[in-house]
Number of protein chains: 2
Amino acid sequence: MAKRLIVIGGVAAGTSAASRARRFDENLEIILFEAGPYISYGACDEPYFIAGVVPKWENLLVRPPDVFRKKQNIDVRLHHEVTAIDPMKKEVTVHNITEDRIEQYTYDTLILATGARPRRLDIPGADAPNVFHIKSLESAIALDEFIRAKKPQRAVSIGAGFIVLELAEALHARGVANVILHRSDKPGKVVEAELSAHIRAELEKQGVGYVPNTAPKRFILDDRGLVTAVATDNETYPADLIIAGLGVVPNVEIGTAAGVLIGPSGAFAVDDHMRTNVPDIYAAGDCTETINRVSGLPHLYPLGDIANKHGWTAGENAAGGDIVYPGAIGSMHFKCFDLEVGATGIGEDEARRAGFDVFTNVVTHRSRAHAQPASKPIHVKLVVDKKSRRLLGAQIVGAEGAALRTNVLAMAVHAGLTVDQLADADLAYAPPFSPVIDPVLIAGRDAVKKLG
Amino acid sequence: MAKRLIVIGGVAAGTSAASRARRFDENLEIILFEAGPYISYGACDEPYFIAGVVPKWENLLVRPPDVFRKKQNIDVRLHHEVTAIDPMKKEVTVHNITEDRIEQYTYDTLILATGARPRRLDIPGADAPNVFHIKSLESAIALDEFIRAKKPQRAVSIGAGFIVLELAEALHARGVANVILHRSDKPGKVVEAELSAHIRAELEKQGVGYVPNTAPKRFILDDRGLVTAVATDNETYPADLIIAGLGVVPNVEIGTAAGVLIGPSGAFAVDDHMRTNVPDIYAAGDCTETINRVSGLPHLYPLGDIANKHGWTAGENAAGGDIVYPGAIGSMHFKCFDLEVGATGIGEDEARRAGFDVFTNVVTHRSRAHAQPASKPIHVKLVVDKKSRRLLGAQIVGAEGAALRTNVLAMAVHAGLTVDQLADADLAYAPPFSPVIDPVLIAGRDAVKKLG
């Protein structure tokens, strides 16, 4: 009899896992339960749908359920919420929402791809209909419809992670004024103070307010229950749209109830095969933690590419394979108006926590050759271990060519290069693409010089 | 008494060497002889000056001679042609062209930064005033003036290296029709057949003629001695402007006359300190060969960044320092209309010559995420050693993000990664900058799959 794989959740990790499992074993029975109405979509594209760059939300759907069903023989069940796992009986309990029925299914292997949910504002009024916690496709569709129907004039965004910064560009494109309230003075969590200053300058240049070291205290509601202003300790900011960007909370509840352990990040702990502590239960995606290979420390990286790789590994192994997910190095980048922002490896704080003897250095160089009028500044911060001289991480900000240079630096961190080896690299040069010595190499050379 | 360094040639390597020597030893006497009227310019920018992107030729001058003289105490002598070197007396003979006088100078150390000249067409009429061999700043200024004054309608370009391809875009911008005659069917020397096809397609799209496997036989001249057409074995192409792009010939004559040996590339052979075989004589830049670190084979890489690095090393060592130039891996990229073209490491031919057991693979992927309407195709070719699975080289072509991805791959080649390690890299992802799994990783994964 064919074995059965059950996958819980189908945004990115879940569909990646199911597809990979099918490629590995064409006879496996694969059932994918998704509580919501959509699977297989690019959540990272949501800000670009809000901005109008991606014209329709349907464009975000990578593959419709019927492709999974018909081409890959994956039994996709939408509106099916898994409510319990019995690891002894190897059985899941499922609420078939459409037919409002409880069903039971046994499994041979199970993959938790339950994702994460936005951390909710815990102040009164956070449930008002003009407060948006953006994460799922449904939340993005709702925000788009709200902007279209209600034509909000003034938004207040709370938090300054990459989604709030991407949405700042989107709100601007939709003609909505925007003030960002942030508990720190450094927007863009992944870059540290020297570089986050450039994000602040870009927000200012674009007319987006940024109020540092400020948390919302309470929402002021009108008689219809809509937020009309956000009060802080010092000021009150009028708003007819609230964007809450306080990070995410991994959906671990049905896993932990079944004995699956979470790690220090609050997400499921897994080994390099994406196995949890419970036999035959794997985990993947935004509900699952990842070891940063540079620091050895566990992280929750709720990023589409990481989810995809988690899913790939969990899917193959849950189908009987034997492949390793090597961990991540925290590479990410994003766009905020005319600025490209990226980071890879670890920052200076994490480097200290991991016990390195930390050296850091920031250089500013240009995106193109000397004579090119379109050349723009690029700022690069390197984080280096003084003892081994190894490149531990890098951060980069610039109006042009910064995002892809994150990956040049990521490859150096991935390879475990010293800063001396980085400085010795032979990178391509052409006037429209870089100065004669690339900013990445200038950063390396300058660090070598200062390290002696 | 202060020692004296003499530098012969001042385009890129020579000024880089002189500046570096000065930084290393503030008491050294440094004399730089340049036969032409200009030093310290970005020759790679010349096509962008012709195109009008760089508005004035003066913009190409990185630093004027007086900055070298006054700020760095470097004795820059323009219009001074070194005609002989006596390595026994450690003396150079110089023709002071302005004053038409022969002068003699002793040296303690000498750097040959004599550059390269364009290989000249050896068919009758190649000296006609409407035939341009582009290399020096003077040649670019002359071409610009010719286009402005004579308003040529039809160009024939001979050769299809990166300068001819960059100039094709420039001529198009200046409203000059252009037909490229090339001895092979593959434009863009650094990429191999699978990828050069995309360059041909781009030329066609832009209305530039490309005639493969064709050499000019003779020029047809009018009674003023101007070329009016180019005859080949099959056809005659009318033209009032000829661009000759047949590569370069290193200027080694005064060096070889003094006993400096050249290598298999025809350029000066040097050790990793940029020392020639003659005591106290160094060489750097377009007259000097470079070892490709992947193949171990010597190359002439007439590229601005390589010249700069050569000069840096030769300058420090000639001033008494002790630094190493580690060699190159052949990284380069260029723009041809809407196409970005890059290569790093070695191609499949060189890999075979170097004795590797060669595997190659080409993938086509996208520059941005699934839903982004601006996403464009990217083509990546990997060259891998079957035995060690090491990445030996990569080539990349695409309308967006290909040039900087050359450097992501260059870092992998530089680090000596296997294709398995390449595929395991954690690269940043955001919808405006890449698909969820970057084309570089897709190329690695596909190679791993095929290699088994």
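Shielding value for A:129-138 is 0, the average number of Cβ atoms from other chains within 10 Å of each residue's Cβ. In the protein assembly as shown, helices alone account for a calculated mean residue ellipticity at 222 nm of -7500 deg cm²/dmol, with every DSSP H run of four or more residues adding -39,500 (n - 2.57). Looking at the protein assembly as shown alone, DSSP beta bridges between its own residues are antiparallel in about 65 percent of cases.
Between the residues A:149, A:171, A:139, the greatest Cα displacement towards the positive end of the dipole of segment A:110-175, with unit charges on the Cβ of Lys, Arg, Asp and Glu, is found for A:149.
What does the average come to when, for each residue of peptide A:438-451, you count the partner chain Cβ atoms lying within 10 Å of its Cβ? All intermediate terms of the calculation are to be shown ahead of the outcome.
On the way: counts 5, 0, 3, 3, 0, 0, 0, 1, 0, 0, 0, 0, 0, 0.
Taking all residues of A:438-451 together, the mean is 1.
Dimensions of chain A along the principal axes, based on C-alpha atoms and rounded to the nearest Å, stand at 67, 58, 38, largest first. Going 7 Å from the Cα of residue A:213 toward and past its Cβ, which residues in segment A:166-194 have a backbone nitrogen under 17 Å from where you end up? Zone members listed by number: A:181-187, A:193-194.
Give the peptides B:12-19, A:221-228, A:98-105 in descending order of average Cβ contacts within 10 Å, highest first.
The packing order, highest mean first, is B:12-19, A:221-228, A:98-105.
Just need the relative contact order of segment A:193-251 here, percent rounded to a whole number, with Cα pairs under 8 Å and 6+ apart. Once normalised by length, the contact order is 19 percent.
Each copy carries residue A:93; placing its label point 7 Å along the C-beta direction from Cα gives inter-copy distances of 10.2 nm, listed from smallest up. Rolling a 1.4 angstrom probe over the protein heavy atoms with all chains in place gives segment B:306-389 an accessible area of 34 Å² per residue.
Each listed q (0.09 Å⁻¹) maps to a log10 I(q)/I(0) for the protein assembly as shown from the Debye sum over equal C-alpha point scatterers, namely -0.97. Residues whose amide H lies under 5 Å from that of residue B:221, counting only those 5 or more places away or on a different chain, are B:228; hydrogens are built 1.01 Å from N in the peptide plane.
Each Cα pair under 8 Å and six or more residues apart adds its sequence gap; the mean of these over the residue count of segment A:206-334 is a relative contact order of 15 percent. Using the Cβ-Cβ distance between residue B:83 and residue B:139 with R0 set to 35 Å, the FRET efficiency works out to roughly 0.95.
Per-atom-type breakdown for segment B:229-360 gives carbon and sulfur 50% of the accessible area (1.4 Å probe, protein chains only).
Using a simple spin-label model with pseudo-atoms 7 Å out from Cα toward Cβ, residue A:71 and residue A:117 lie 3.3 nm apart. In whole Å, how far is the Cα centre of segment B:1-73 from that of segment B:295-369? If you average the Cα positions of each part, the centres end up 24 Å apart.
Between the DSSP loop rule and a limit of at most 14 other Cβ atoms within 10 Å, which trypsin sites (Lys or Arg not before Pro) in segment B:351-437 are left?
Taking segment B:351-437 and a limit of 14 other Cβ atoms within 10 Å, the loop trypsin sites (Lys or Arg not before Pro) found are B:386, B:387.
Where Lys and Arg each count +1 and Asp and Glu each count -1, what net charge lies around residue B:400 among other residues with Cβ under 12 Å from its Cβ? With Lys, Arg at +1 and Asp, Glu at -1, the net is +3. Inter-chain neighbour count for B:295-303: the average number of beta-carbon atoms from partner chains within 10 Å of each residue's beta-carbon is 1.
When the residues B:22, B:218 are ordered by accessible surface, computed with a 1.4 Å probe over the protein chains alone, the sequence from largest down reads B:218, B:22.
Other residues whose C-beta falls under 15 angstrom from the C-beta of residue A:249 contribute a net charge of 0, scoring Lys and Arg +1 and Asp and Glu -1.
Its relative contact order, with pairs defined as Cα atoms under 8 Å and 6+ residues apart, puts chain B at 14 percent.
Per-residue Karplus couplings for segment B:292-301, computed as 6.51 cos²θ - 1.76 cosθ + 1.60 with θ equal to phi - 60°, are listed in order as 6, 5, 7, 8, x, 8, x, 9, 9, 10 Hz, Gly and Pro entered as x. For residue A:149, the label point sits 7 Å beyond Cα toward Cβ; its separations from the matching points on the remaining copies run 7.2 nm, from shortest to longest. With its label point defined 7 Å out from Cα along the Cα-to-Cβ axis, residue B:272 lies at 3.1 nm from the matching points of the other copies, in increasing order. Taking amide hydrogens as placed 1.01 Å from N in the peptide plane, the amide H of residue A:30 sits under 5 Å from those of A:5, A:75, each at least 5 positions away in sequence or on another chain. How would you classify segment B:399-443 from its alpha-carbon gyration tensor, with a ≥ b ≥ c the square roots of the eigenvalues: rounded for a/c under 1.5, else prolate if a/b is greater than b/c, otherwise oblate? Here segment B:399-443 falls in the oblate category. Charging the Cβ of each Asp and Glu at -1 and of each Lys and Arg at +1, and nothing else, the dipole of segment A:342-442 about its Cα centre rounds to 140 debye.
Under a 5 Å amide H cut-off, with hydrogens placed 1.01 Å from N, residue A:135 pairs with A:140 among residues at least 5 apart or on other chains. Accessible area per residue was computed with a 1.4 Å probe on protein heavy atoms; residue B:346 scores about 0 Å². Taking all protein chains as shown and a probe of 1.4 angstrom, residue B:348 keeps an accessible surface of around 40 Å².
The values are calculated or read from the model by the stated rules, or taken from the named source; none is laboratory data. Here the structure is a predicted model, which means the values were calculated and not measured. Virtual Cβ from ideal backbone geometry, glycine too; neighbours counted across all protein chains shown. Note: accessible area is taken over every heavy atom of the protein model, side chains too, but ligands, DNA and RNA are not part of it. Shrake-Rupley method; radii C 1.70, N 1.55, O 1.52, S 1.80 Å.
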